[in-house]
1. Expressed as a whole percentage, what fraction of the accessible surface of the stretch A:77-132 belongs to carbon and sulfur atoms when a 1.4 Å probe is rolled over the protein heavy atoms?
2. At a cut-off of 30 Å², which residues of the stretch B:218-247 become less accessible once all protein chains are present than in their chain alone, using a 1.4 Å probe?
3. Subtract the Cα-Cα distance of A:SER90 and A:ILE265 from 0.36 nm times their separation in residues, and report this length gain in nm to one decimal.
4. Give me the accessible area buried between chains B and A, both sides summed, with a 1.4 Å probe, in Å² rounded to the nearest 100.
5. Can you give the FRET efficiency for B:PHE397 and B:ARG527, using 1/(1 + (r/R0)^6), R0 = 41 Å, r = Cβ-Cβ distance, to the nearest 0.05?
6. Could you state the angle between the C-alpha long axis of helix A:35-45 and the longest principal axis of the C-alpha atoms of chain A, as a value from 0 to 90 degrees rounded to the nearest 10?
7. Give, in nm to one decimal, the length gained when the segment between B:ARG444 and B:VAL347 is fully stretched (0.36 nm per residue of separation minus the Cα-Cα distance).
8. Can you give the alpha-carbon Rg of the stretch A:64-154 over 2.2 N^0.38 Å, where N counts its residues?
Amino acid sequence: MVTVYSGRSEELVGPLLEDFTEATGIEVEARYGDTAEMANLILTEGENSPADVFFAQDAGALGAVAQEGLLAPLPEEILGAVEDRFKSPSGEWVGVSGRARVVAYNTETLAEEDMPDSIFGFTDPEWSGRIGWAPTNGSFQSFVTALRIIEGEDRAREWLEGIQANEPNVYDGNSAALEAVASGEIDVAFINHYYLFQRLAEDPDTAAANHFMTDGDPGALVNVAGAGILNTAENDEAARELVAFLLGEEAQTYFATETYEYPLIDGMEADPALPSLGEIGSPELDLSELSDLEGTLELLQEVGIL
Amino acid sequence: MATLTTRRSASRVPAPPAWLTGAGALVALLGLLPIAYLLILAAGSDESAIALALRDRTLGVLARTLVLAATVTTASVLVALPLAWLTTRSDLPGRRWWGVLSVLPLVVPSYVGGYAVVAAFGPRGTLQSLLEPLGITRLPELYGFPGAALALTLFSFPYIVLSVRGALLRLDPAYEEVSRSLGRGPWRTFWTVTIPQLRPAIAAGALLVALYSLADFGAVSLLQFDSFTRAIYVQYRASFDPTLAAVLALMLVTCTGGVLLAESRLRGRARYDRAGAGAARPPATVSLGAWRWLALAFCSVVVGLSVVMPVGTIAFWLIRGVSAGEPLNLVWDATLNSVLASALAAVLAVLASIPVAVLAVRHRNWVGVLIERATYAGFALPGIVIGLAFVFVAARFLPAIYQTLPLLLLAYLVRFAPEAVGVTRASLLQVSPRIEEVARTLGRRPGAVLREVTLPIIRPGLIAGGALVFLTAMKELPTTILLAPTGFDTLAVRIWSATSEGFFARAAAPALLMVIVAAFSLTVVLRRERDR
């Protein structure tokens, strides 16, 4: 048996964990919740955590748990499966699927060629009143952290102030922001790429599309959902099997076809509707550097966004 | 006679039996546990935490949140009072059904209700598209304060409806009749006799609404209002820093103290029981005459906004999804779990409310008052704070019950006991201590008096309190996620897990199940409300 605290919802990964049980005979006890809530749960439980595996929506939460020394180093055969930029340098967590930042736009008011090449294009006053974002969302904050690291504090502040000056609508999360783009309430929103595909599955007439940034623009950040094993795990053998399974072909295919995410192991292709990871040209950045959330939070508070 | 109803108590206050104080103290200590946890965390905070807490922006957010709570409370009283009266005392057509419908909004989770309000009144909502042909291109701004106030009012006014209904059903009509016979008209009688007698019930319901508005996260964040709870969540979510969150949460606790004090002032120390001999008759039904059309219109608007609109939104998600080929996902396991946990929580909360209310109403010493007030501590705290407090204690010291149903129920008790306490307390205030004294002189021991005399009389109040807890426990999310046995799926968790990923169609089936279960249990409960 293996106990998983999943910051990814049952809708997304429940079937995958069932596949794991079928393939290995190992029962999975899963606790589902928001990634930040699960991270806080593990941090509060400390050494008494009954969890074996933490399966998180973003690298920031994994970093926070690792920073408290609660994650055990992963074996090399697991770490070796993905590129360095998608895992912790000290080997405490590993990315299992990729998600790209995109600008979702309303297809009734905008066309692909109307979209700026850089995320900085949206600070232009012509976008005033047309933007939506979700500043309390983990993926958004990871993006701001990336922006600070790649472009420096001053440029990051400039971007935040520029967008703020355009009076963006503040949404609760990516789903709500996309919903507003589709209804035409706003023209563009900064979100993750896969929300659109889920929306399309429920409503094929959704009037929204994804715009991917290119050429190392910070707006093209590729973040990961990942997993780590707690160093208090009682079932560490089973836990390693589970993490290895998540990086196996079956699970990676599941991510590509069912959740529209990017598979992270060699030789696997993303859904044909998506540009490949190579085409996106994500900025050069170790995701572990994204753990400096405190600085981001301070900046967001200074600019008056949070 | 009418003045007798609010005379001050001059009689000697008997000392409570030790078992009663013990039981009450236990409930209160449990309620104070989250605050103890916050104090432990905050003790480790440094200057930067204090600086953050006292920033102009933080204080501004706190002030605006308090204004929001005051607005929502006032609006809720204005909506709930007429509804409660119409559904208990008038000949409103379909009175029983309106009674159920006017309480049903409580079961709408705020993260679903928030979406419904946006879908209906948002910049691109249904109303806008209906008005578009009339040349109206932009509705008044929904996002921010107006939307948050609207959503919170729509989904929390039933707190007041329930508590006032209980009071109206138990109200002795003799006072109103005396007032009428002395020449006062129906309106003046209502304002000078009925309303003053309803004060404890209104105050109890209003207190719940105010504290609910302070603690809510779902509706305010969907409606883009920057509330204090959101500031607390940001600390948990973004910086994973429980210390800063604890400092902010303690500020919220302080405000709760202020609200509790205000409520004490509002309800005063008056007594509300019958002064005369004999038993109260059920009140006569007031004929509405031509006013019935206005009454029906009022009920329709309120129910339309608070029940039909969210249920319509859910149905729309369902139809859109199913027609696009999404499977219809009827989650019976989760339904069963939800009903089980909420029903047990309701029973537990009602049982816990009895010693607390008896101490506060019958014995009125400072211990009793403190115990009663302490049970409210948890209600204004965001669920995540209470959940983590229990995680902190149980993971360390009580591993045997950690992540079991009993622990989840204890957390529900801390979170929802005030709902039962308020209603039980208000009902108890209407029972004359004379009746209990008679039972005592006939040789009954205090425990027997409570069981055989007092509790049967306040049964409608106990049932209303249980219904409140049942409905709100059913939609409770953060404590469920943090404390439920691993793998214990509930409807609330299902709905949230789907909407958070944008799977609205998949959220629809569990959301509809939740409303149906709630409606069914409410009809049962409200039918029993009248049996005495």
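The values are calculated or read from the model by the stated rules, or taken from the named source; none is laboratory data. No experiment lies behind these values; they were computed from the predicted model shown. For neighbour counting, all protein chains shown are included, and Cβ atoms are generated from backbone atoms with ideal geometry for every residue, glycine included. Surface accessibility is based on the protein's heavy atoms, side chains included, excluding ligands, DNA and RNA. Shrake-Rupley method; radii C 1.70, N 1.55, O 1.52, S 1.80 Å.
1. Numbers: 1010 of 2260 Å².
Whole-percent figure for carbon plus sulfur exposure: 45.
2. B:SER221, B:LEU222, B:GLN224, B:ARG230, B:VAL234, B:ARG237, B:ALA238, B:SER239, B:PHE240
3. Working: separation 175, 0.36 × 175 = 63.00 nm, distance 1.93 nm.
Full extension from A:SER90 to A:ILE265 adds 61.1 nm.
4. Values: alone 22710 and 12840 Å², together 30860 Å².
In total, this chain pair buries about 4700 Å².
5. Numbers: r = 44 Å, r/R0 = 1.07.
Rounded to the nearest 0.05, the efficiency is 0.40.
6. Helix A:35-45 and the main axis of chain A meet at about 40 degrees.
7. Gain on stretching B:ARG444 to B:VAL347: 32.3 nm.
8. Values: Rg = 17.9 Å, N = 91, 2.2 N^0.38 = 12.2 Å.
Taking the Cα Rg and dividing by 2.2 N^0.38 Å, one obtains 1.47.
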